[in-house]
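S.K.: Please find one structure pasted underneath; my questions will follow.
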Amino acid sequence: MKIALAQFNPTVGDFEGNRARILELAHEAKSGGADLAVFSELCLCGYPPQDLIERPSFAERNQKELARLAQDIPLASLVGFVGKAQDNTGKPVANSAALIARGKILFEQRKMLLPTYDVFDETRYFQPATIQHVFPLGKETLGVTICEDSWNAKGFWPERLYDRDPVAELVGKGSTLVLNISSSPYTLGKRGLRHDMLSTVAKERGVPVVYVNQVGGNDSLIFDGSSMAFMPDGRIAALAKSFDEDLVFFDSVTGAGDIRPAMDDEYEAAYRALVIGTRDYVRKCGFSKVVIGLSGGVDSALVAAIATDALGASNVLGVAMPGPYSSEGSLRDAKQLAQNLGIELITLPITDTFTSYRKTLEKTFSGLAEDATEENIQARIRGNLLMALSNKFGSLVLSTGNKSELAVGYCTLYGDMAGGLAVISDLPKTMVYDLANFVNRAGERIPTESLTKAPSAELRPNQTDQDTLLPYEDLDRILKAYVEDLQSPEQIADECLLPLDVVRSVALQVDRNEYKRKQAPPGLKVTSKAFSVGRRFPLAQKFSV
């Protein structure tokens, strides 16, 4: 059987647009000689639809659009949608796959394993399948699985999350070909993990495995595509592009297939993920232009480079807002960055505004020493100016804070945290430098000075980040262990060879600044645990590590 792996970028709730793209790719698959086209999980409605699923009209629209699609589809196609549950007990809907052809829905399969970890909360919405069936098509017997259904192989995971293995059950029922439709979000290293897991499944079960993944960004989640097909010996026989729509073909008998060049550089993958995540968030939210505060530092420089690559230089406005403690070098670096990227830069000095604020508060603050209050006022003036530009010109503000700062609260509510999307909020500071160097791999786009000078918020004389924070190399090691790996301070101190009181202090800062993160803009997820969807901690609590 010749199979077309059709990965595309759906928008949540855009039934007309998604259906049109499915039909377009189905016609391409037919022209390429395919017998079957396979699309991704919930592609008809877009993933993740979240609480839209709880609206009866949303589920009904899924089923109506599927029936319309079946009337027009030019070849047998496997499509993900929100279907009806198997019975009247529990949730009324199921995460479903439909095989459609010749104006009919030939076969439906519901998802059995519903993940509830990290960014997933599928038991909130769906009723799981209790039984699965195979379906004969041509000379093959299809075993259809949906995302998590293929992530529970006994021989691959040290600890399995579920007591059932849908792939093993389908092969036991006679499946000669396993199809997996998926919406698996990108995180660092996950593409390699998927490859190894699916290769293992194909070898252990002795059947070809076809995996089709969603591509594109929806809110905080980024989907990398990277659809694949494997032969029974575990050999990869087809591979689609990462971070782009694609259509590749695979012959389940001969093993012939299209193999696109692999994206092996993880820095390239992370950068590409942020570009596509920014582009899709901005455009799917109805914007075309963005505005960014450019401080001359590496964080805002990286965000500007990502935005330029995502939207085009003509759609990016940089704003330099020098204050009383800004260095001439910082303004020079912001100007050089704008010139390198080809974006417009405007300069809005804030010193007079800051002086006005201080005069207004002079009597109230009389006799009190200056502290973080005055620093935060400067940050909030800048946030106010950026939001004014956003309101006036209809541009989305991109905030520029990184994960290290957000973790320990080294950021100002309604100041540098203001914006509509926090592009690099899941990048530790050390990785910000890594990606900035990646941006400059073919020539200087981010000024060298932005990469070599000591990081500083420039909110008081001669200020540097390390006046307040640990060196970023140590801080980021602690944060990864505490936030992503859930290690205790004692474990971290032992493994990182750092004083326990230092580690405890960082952990306490992380816990105490949850209230700030709850008020931050949505961020793009690229690590295994981001400060956004998938991490839920109470604000009012007294548990101490």
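Quick note: the coordinates plus some simple rules give every number you see, no bench work behind them. Keep in mind the model is a prediction, meaning the values are calculated, not measured. We place every Cβ from the backbone using ideal geometry, glycine too, and count neighbours over all the protein chains shown.
S.K.: Given H placed on each backbone N at 1.01 Å, which residues far from LEU106 in sequence or on other chains put an amide H within less than 5 Å of it?
M.R.: It is LEU99, ILE100, ALA101, by chain and number.
S.K.: Any chance you could list the semi-axes, whole Å, largest first, of the equivalent ellipsoid that the Cα gyration tensor gives for the chain, using √(5λ)?
M.R.: Values: eigenvalues 430, 123, 96 Å².
Values for the chain, descending: 46, 25, 22 Å.
S.K.: Give me THR130, THR141 sorted ascending by neighbouring Cβ count inside 10 Å, so fewest comes first.
M.R.: Numbers: THR130 10, THR141 17.
Arranged by neighbour count, lowest to highest, THR130, THR141 become THR130, THR141.
S.K.: To the nearest µm²/s, what D does Stokes-Einstein give for the stretch 2-264 at 10 °C and 1.306 mPa s, using the Kirkwood radius over alpha carbon pairs as Rh? Working shown, then result.
M.R.: Values: Rh = 17.9 Å.
The Stokes-Einstein estimate is 89 µm²/s.
S.K.: For the stretch 470-511, which semi-axes, largest first and in whole Å, follow from the square roots of 5 times the eigenvalues of its Cα gyration tensor? Numbers along the way, then the final one.
M.R.: Values: eigenvalues 27, 26, 22 Å².
That gives 12, 11, 10 Å for the three semi-axes.
S.K.: Which whole-number percentage describes the relative contact order of the stretch 470-511, with Cα contacts under 8 Å and a sequence gap of 6 or more?
M.R.: Working: 24 pairs, mean separation 15.1, N = 42.
For the stretch 470-511, the relative contact order is 36 percent.
S.K.: Using only Cα atoms, tell me the angle between helix 500-512 and the longest principal axis of the chain; keep it within 0 to 90° and round to the nearest 10.
M.R.: Approximately 80 degrees, to the nearest ten.
S.K.: Sum -39500 (n - 2.57) across every DSSP H segment of at least 4 residues in the chain, then divide by the residue count to get the 222 nm mean residue ellipticity, nearest 500.
M.R.: Values: 16 runs with 193 residues, N = 545.
So the helix-based figure for the chain works out to -11000 deg cm²/dmol.
S.K.: Could you give the radius of gyration (one decimal) and Dmax (whole number) of the Cα atoms in the stretch 389-541, in Å?
M.R.: Rg then Dmax for the stretch 389-541, in Å: 16.2, 53.
S.K.: Provide THR364, THR116, THR353 in ascending order of the number of other Cβ atoms located within 10 Å of each residue's Cβ, fewest first. Can you show the working numbers first?
M.R.: Values: THR364 7, THR116 11, THR353 18.
So the ranking, lowest neighbour count to highest, is THR364, THR116, THR353.
S.K.: Related question: Going by alpha carbons, how many degrees (0 to 90, nearest 10) lie between the helix axis of 298-311 and the longest principal axis of the chain?
M.R.: 40 degrees
S.K.: With +1 on each Lys and Arg Cβ and -1 on each Asp and Glu Cβ, and nothing else charged, work out how big the dipole of the stretch 312-398 is about its Cα centre, in Debye to the nearest 20. Display every interim value, and only then the final one.
M.R.: Details: 8 positive and 9 negative charges, 55 e Å.
The calculation lands at about 260 debye.
S.K.: Taking 4 °C and 1.567 mPa s as the conditions, I'd like the Stokes-Einstein D for the stretch 65-216 in µm²/s, using the Kirkwood hydrodynamic radius from alpha carbon pairs.
M.R.: Numbers: Rh = 16.1 Å.
For these conditions, the coefficient is 80 µm²/s.
S.K.: Hey, what angle do you get for helix 351-361 against the long axis of the chain, alpha-carbon based, 0 to 90 degrees rounded to 10?
M.R.: 70 degrees
S.K.: Also: Write down the Å³ per residue value for the convex hull defined by the alpha carbon atoms of the stretch 1-157.
M.R.: Numbers: hull volume 19.3 nm³, N = 157.
In the stretch 1-157, the Cα hull volume divided by residue count equals 123 Å³.
S.K.: Rounded if a/c is under 1.5, else prolate if a/b is larger than b/c, else oblate: which is the stretch 173-215, with a ≥ b ≥ c the root eigenvalues of its Cα gyration tensor? Provide the component values of the computation, followed by the final result.
M.R.: Values: a/c = 3.81, a/b = 1.67, b/c = 2.28.
It is oblate, given that a/c is not under 1.5 and a/b is not larger than b/c.
S.K.: Run the numbers on the chain and let me know its relative contact order in percent, using alpha-carbon pairs under 8 Å that are six or more apart. The partial results should precede the final answer.
M.R.: Working: 1149 pairs, mean separation 60.9, N = 545.
Contact order relative to length: 11 percent.
S.K.: Hey, what does the equivalent ellipsoid look like for the stretch 482-545, semi-axes from the Cα gyration tensor as sqrt of 5 times each eigenvalue, largest first, whole Å? Walk me through the numbers before you get to the answer.
M.R.: Details: eigenvalues 102, 44, 17 Å².
Semi-axes (√(5λ), whole Å): 23, 15, 9.
S.K.: Please state the charge dipole magnitude for the chain, taken about the Cα centre, from unit charges on C-beta atoms (+1 on K and R, -1 on D and E), reported in debye and rounded to the nearest 20.
M.R.: Values: 59 positive and 69 negative charges, 295 e Å.
Computed about the Cα centre, the dipole is about 1420 debye.
S.K.: Please report the base-10 log of the normalised intensity I(q)/I(0) for the stretch 323-393, using a Debye sum with one equal scatterer per alpha carbon and no solvent, at each q in 0.11, 0.14, 0.18 (1/Å).
M.R.: Ignoring solvent entirely, the Cα scatterers give -0.37, -0.57, -0.84.
S.K.: Follow-up question, since we're still on this one. Express the Stokes-Einstein translational diffusion coefficient of the stretch 265-410 in µm² s⁻¹, to the nearest whole number, given a Kirkwood radius over alpha-carbon pairs, 10 °C and a viscosity of 1.306 mPa s. Before the final figure, lay out the partial values.
M.R.: Numbers: Rh = 16.5 Å.
Reported coefficient: 96 µm²/s.
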